[in-house]
Amino acid sequence: MKENKKLISEIIKDVKHDMNDEDILSLLASSKVSENTSKEVKNKYSFGQKAADKIAKFAGSWGFIFSFVFILLFWMITNILLAAKAFDPYPFILLNLVLSCVAAIQAPLIMMSQNRQEEKDRKRAENDYKVNLKTEIMIEDLHKKLTKILARQDIILKYIEEGKNKDE
């Protein structure tokens, strides 16, 4: 038990800049370090946040690019062919307005989605750190136990060899 305390105090010194003593001790005391953070965070999203994520996902795809290019070409060709009866003649002022509005709405939605993704990544990294810390402590403990076993094995081997030498 004293060795475990010594081991923990050594590791606490190493990670002092990342976590305080209470965080490390609560981490070691908890049996469930690894948790599915993405599902936990996903359940807390509002309808608007979920919609923003879906829009951002679509806006960053080839499907969006191809469909947007198709709509732009359709808009321009239609207005060029309608000539005098066009709803948005050649300088395409209405098209520019629509494009500006799409960009003005799309940019904040994408940024909100990126902020949520950053939050997920931060929680995932924190969870990975905790798992790695706990694993490191367990490996150190196993290493010390194995060292003790090997030392005792050496003592037993010497004892057996001394016994054989006395018999001869």
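The values are calculated or read from the model by the stated rules, or taken from the named source; none is laboratory data. Because the structure is predicted, anything quoted here is derived from the model rather than measured. Virtual Cβ from ideal backbone geometry, glycine too; neighbours counted across all protein chains shown.
Once segment 108-123 is narrowed to residues that are over 9 Å from the mean Cα position of the chain (by Cα) and without any contact (Cβ under 8 Å) to a residue 60 or more places away in the chain, the residue that is surrounded by the fewest Cβ atoms within 10 Å (Cβ to Cβ) is Pro108. Restricting Glu22, Glu3 to those that are at pLDDT below 80 and surrounded by 12 or more Cβ atoms within 10 Å (Cβ to Cβ) reduces the list to Glu3. Report yes if some residue within segment 124-131 is of a type in the set (A, V, I, L, M, F, W, C), in contact (Cβ under 8 Å) with a residue 24 or more places away in the chain and in a helix (DSSP H, G or I); otherwise report no. Scanning segment 124-131, I find at least one residue that is of a type in the set (A, V, I, L, M, F, W, C), in contact (Cβ under 8 Å) with a residue 24 or more places away in the chain and in a helix (DSSP H, G or I), so the answer is yes. If the condition is being without any contact (Cβ under 8 Å) to a residue 12 or more places away in the chain and outside any loop (DSSP other than H, G, I, E, B), then segment 88-98 contributes Ile93, Leu94, Asn96, Leu97, Val98.
Within segment 68-87, which residues are part of a helix (DSSP H, G or I) and exposed (fewer than 10 other Cβ atoms within 10 Å of the Cβ)? Steps first, answer last, please.
Narrowing segment 68-87 to residues part of a helix (DSSP H, G or I): 68-85.
Within segment 68-87, Leu81, Ala83, Ala84, Lys85 qualify.
Just one of (1) part of a helix (DSSP H, G or I); (2) touching a helix residue (DSSP H, G or I) at 6+ places or on another chain (Cβ under 6 Å); (3) farther than 22 Å from Ser46 by Cβ; (4) not β-branched (Val, Ile, Thr) fails for Met112. It is (3).
Does Lys158 qualify as being free of Cβ contacts under 8 Å to residues at least 40 places away in the same chain and of a type in the set (D, E, K, R)? Yes; evaluated as a whole, the condition is true for this residue.
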